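Participant: Below are the structure tokens for one structure; questions will follow.
Every number here is computed from the coordinates shown, using simple stated rules; none is lab data. On a predicted model such as this, the values are computed, not experimentally measured, just so you know. Positions of Cβ are generated from backbone atoms using ideal geometry, with glycine treated the same way; all protein chains shown enter the neighbour counts.
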């Protein structure tokens, strides 16, 4: 398992916990909104690691949006749920096949 995949699984689980109605909101408010700041930094790290490994980044991008807009009551719930789903789907989907380069991606220079 790659580091990027492990980070996407961990951040997907955390986003799923933040998406629980009332409990996620109470946790965010009781932490003084630092939970959203922590998740923002965690998603940025996951984004860079996934990008370096040429793995999907759409879950991390959705998570960044959820961290930035998570303070809005119902929008936060929807974005946290969407990012949890996107992160977990991207973590468990198979590798993409690049038909232009059947033997793998071209070497990096």
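Participant: Taking the chain as a Gaussian network, Cα atoms linked when under 10 Å apart, which of 77, 42, 92 shows the biggest mean-square fluctuation?
Facilitator: Result: 92 has the largest fluctuation of those listed.
Participant: Moving to a separate point now. Between (i) 46; (ii) 51; (iii) 59, which entry matches percent of Cα pairs over 17 Å apart as derived from the coordinates of this structure?
Facilitator: (ii)
Participant: Give the separation of the Cα centroids, segment 35-61 to segment 76-90, in Å.
Facilitator: 13 Å
Participant: So, one more: Given the rule -39500 (n - 2.57) for each run of at least 4 DSSP H residues, summed and divided by the residues of the chain, what is its mean residue ellipticity at 222 nm, to the nearest 500 deg cm²/dmol? Please report the intermediate quantities before stating the final value.
Facilitator: Values: 5 runs with 75 residues, N = 109.
After summing the helix terms and dividing by the residues of the chain, the value is -22500 deg cm²/dmol.
Participant: Once both axes come from the Cα atoms, what is the angle between helix 3-18 and the longest principal axis of the chain, in degrees from 0 to 90, rounded to 10?
Facilitator: So the helix axis and the longest Cα principal axis differ by about 20 degrees.
Participant: Further question: Students often check this: by mean Cβ neighbours within 10 Å, which of 23-35, 57-69 ranks highest, and how do the rest follow? Before the final figure, lay out the partial values.
Facilitator: Values: 23-35: 13.5, 57-69: 21.1.
Answer by packing, highest mean first, reads 57-69, 23-35.
Participant: What does a probe at residue 45 reach in segment 2-31, counting residues whose amide N is under 11 Å from the point 7 Å along Cα→Cβ?
Facilitator: Residues passing the 11 Å test: 7, 11.
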